[in-house]
Amino acid sequence: MNIAALLLKSSRSFGERPALALGNSVTSNYRDTSKRVAVLAGSIRGVIGLFPGDRVAIAMKNCPEFSDIMFATWHAGCAAVPMNAKLHEKEFTYLLKHSGTKVCFVTEDLEPKIKIAIESLDEQPDIISVSGNQYQRLLEANPIEIAELDPNALAWLFYTSGTTGKPKGAMLTHRNLLMMTVSYFADVDPVDEFDNILHAAPMSHGSGIYILPFVAKGACQIIPESGGFDPSEVLTIFEQYNNVSCFFAPTMVKRLIEVQKNAGADTSGLKTIIYGGGPMYVEDSLNALEVLGPKLVQIYGQGEAPMTITALSRAAHLDTKHPSYLSRLASVGKSRTDVEIQVADAEDRPLDIGNVGEVLVRGDVVMKGYWQNPEATVQTLRGGWLHTGDMGSLDEHGYLTLKDRSKDVIISGGSNIYPREVEEILLRHKAVMEVSVIGRSHPDWGEEVVAFIVPDEGTPPEEKELDRLCLKNIARFKRPKKYYFIKALPKNNYGKVLKTELRQELEDVGIFKK
Ligand code: AMP
């Protein structure tokens, strides 16, 4: 099997239907898209010279070519490595090296960064800009037949960050992606050729997951002209199209609602906002329901089980008379049709209803393992269950409520920030003895990064120097927005820093407040 067959099938059934649109103009129908993809696949094999299983990296902001390159990569039997467009050069270097990528497709804006990123690599991948002549020439090659693959062949290396701070590549197979696709129809929404998916969140992550169910049913993918999330532009698209669905992080939903409250746009063209990727506060869900109507479905997942662990249905959002309505709204819903979940203690023993433990997941949507990281694979998939690192509890009707993100991920403006990564950079400063990074709630971004620093004896480091250190090594959005210099970090008996205490100080007591 090959997941790219979904595009071929749609081109047969819906050849003349729009497949891709930029803003309000359709750029390609299904027949042309499918032909272009077969040609591009021919170039990936014949011109660039890749073999099945080789990795193709994508460093691109959202654009119609993104989807073409994903499908062409699969059609050719290769694996896609989409990378977040906001990463730092050094982070790109790591991902390109770790994935052993042979070619990297870029949008013009990211070309200079990727050129710097590959400078230090012994084996440098080709860089191909989708707005350059080389790309145009790739579209003139001979088409090839779709590669016949084992269902367990690698399709998508989904890079996430581990607790060690180094990103880990979740190996998603063609079977994983097919299960994820079918699960969308089972638990989120039915889709047909008159639907549209709007990609305002990054296609390298959250929004990219939704390419597949919509292509499978001959729907159109709309890419905003800005290539990103601009609430006013999103509202205009709701006015221009019908049956628009989109994936948004909770903070994006919140910002959209704020703008819509004043704009009063006609949102009848919006079908569904699928939200997830971070906690959504009940107050915000109620607000969104009031402003947009019955258009919300929540999903919970992670790269390792691509956004397919639980769903809180549209019906659950509307069941206001139910005695558990508000607690259900605070939950992430019930396990997906193709997934089993279990809440377990530290020894992997299942816990009773109501008890908090780690959320474990089993099913055909769960990744094959981590790319070139057998230790992490064994640890994360032990006993045949995916250990999500998320803590939660189940109620008697199967609703899962997440209590805390055990991995302490900070989610700022819809992007995940792993504290350890920031901590490691700050620790490079000679005047920093110890450091702990946490998220502090922020009205616009969901959370913002703050750092607690125990200075080495003598003078504390200059904040400006710490900023400079971060900017040199990690993406700008990961840099702490505030530094607190303290005498000692709170720790437990095992010497582990108690981040919950730091958060408590920050939120309740406020002794560290500005
Ligand atoms: P990533 O693999 O980078 O997409 O991050 C996945 C993590 O985001 C999960 O392990 C959860 O901690 C968090 N997450 C995803 N969806 C939700 C949700 N609906 N509510 C709360 N947290 C979520």
Neighbour-count ranking [beta-carbon atoms within 10 angstrom, fewest first] of 92, 14, 66: 14, 92, 66
Separation of alpha-carbon centers, the stretch 37-67 and the stretch 6-25, rounded to whole Å: 19
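To one decimal place, what Kirkwood hydrodynamic radius in Å is obtained for the stretch 105-182 from all pairs of distinct Cα atoms?
Details: mean 1/r = 0.0631 Å⁻¹.
Computed over the stretch 105-182, the radius equals 15.9 Å.
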Mind putting together the pair-distance distribution for the stretch 1-64? All Cα pairs, 10 Å bins, whole percent per bin, short to long. 19, 41, 35, 5
Note on the stretch 409-509: the mean projected area of its alpha-carbon convex hull, in nm², is 6.6
Residue 356 and residue 282 label points (each 7 Å along its Cα→Cβ direction) are spaced in nm at 1.6
Once Lys and Arg are counted +1 and Asp and Glu -1 for all other residues with Cβ under 12 Å from that of residue 185, the total becomes -3
May I have the convex hull volume per residue, in Å³, for the Cα set of the stretch 45-180? 116
So for 47, 215, 497, fewest C-beta neighbours within 10 Å to most, what's the order? 47, 497, 215
Just to confirm my numbers, what's the Cα centroid distance between the stretch 419-439 and the stretch 441-497 in Å? 6
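Determine the equivalent ellipsoid of the stretch 217-275 by diagonalising the alpha-carbon gyration tensor, then write out the semi-axes as square roots of 5 times the eigenvalues, largest first, rounded to whole Å.
Details: eigenvalues 60, 34, 26 Å².
They are 17, 13, 11 Å, listed from largest to smallest.
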Taking a ≥ b ≥ c as the square roots of the eigenvalues of the Cα gyration tensor, with a/c under 1.5 meaning rounded and otherwise prolate when a/b exceeds b/c and oblate if not, the stretch 5-394 is oblate
Stokes-Einstein, Kirkwood over Cα pairs, the stretch 230-387, 25 °C, 0.890 mPa s; D in µm²/s equals 142
Just from the alpha-carbon atoms, what are the Rg and Dmax of the stretch 331-375 in angstroms? 12.7, 37
How big is the stretch 45-97 on each of its three principal axes, counting only the C-alpha atoms and giving the largest first in Å? 31, 26, 16
Mind jotting down the distance between the C-alpha centroids of the stretch 305-376 and the stretch 135-200, whole Å? 22
Can you pick out the pairs among 368/499; 430/464; 102/472; 90/115; 9/271 whose Cα atoms lie more than 20 Å from each other? 368/499; 102/472; 9/271
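Tell me, what is the Rg over Rh of the stretch 331-441, with Rh the Kirkwood radius over Cα pairs?
Details: Rg = 16.6 Å, Rh = 16.0 Å.
My calculation puts Rg/Rh at 1.04.
Please get the size of the charge dipole for the chain, origin at its Cα centre, with Cβ charges of +1 on Lys and Arg and -1 on Asp and Glu, quoted in debye to the nearest 20. Walk me through the numbers before you get to the answer.
Details: 56 positive and 65 negative charges, 82 e Å.
With only Lys, Arg, Asp and Glu charged at Cβ, the dipole is about 400 debye.
For every helix of n ≥ 4 consecutive DSSP H residues, a contribution of -39,500 (n - 2.57) applies; sum these over the chain, divide by its total residues, and give [θ] at 222 nm rounded to the nearest 500 deg cm²/dmol. Please list the in-between numbers first.
Numbers: 17 runs with 161 residues, N = 514.
After summing the helix terms and dividing by the residues of the chain, the value is -9000 deg cm²/dmol.
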Within the stretch 246-285, backbone nitrogen closer than 14 Å to the virtual label 7 Å beyond the Cα of residue 239 toward Cβ: 260-270
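Where Lys and Arg each count +1 and Asp and Glu each count -1, what net charge lies around residue 480 among other residues with Cβ under 11 Å from its Cβ?
Numbers: positive: 440, 478, 479, 481, 482; negative: 423, 448, 463, 467.
With Lys, Arg at +1 and Asp, Glu at -1, the neighbours total +1.
Since every read-out is calculated from the coordinates, none of them should be taken as a lab result. Predicted model only: the values in this text are computed from it and were never measured. Don't worry about glycine lacking a Cβ; one is built from the backbone with ideal geometry, like all the others, and counts go over all protein chains shown.
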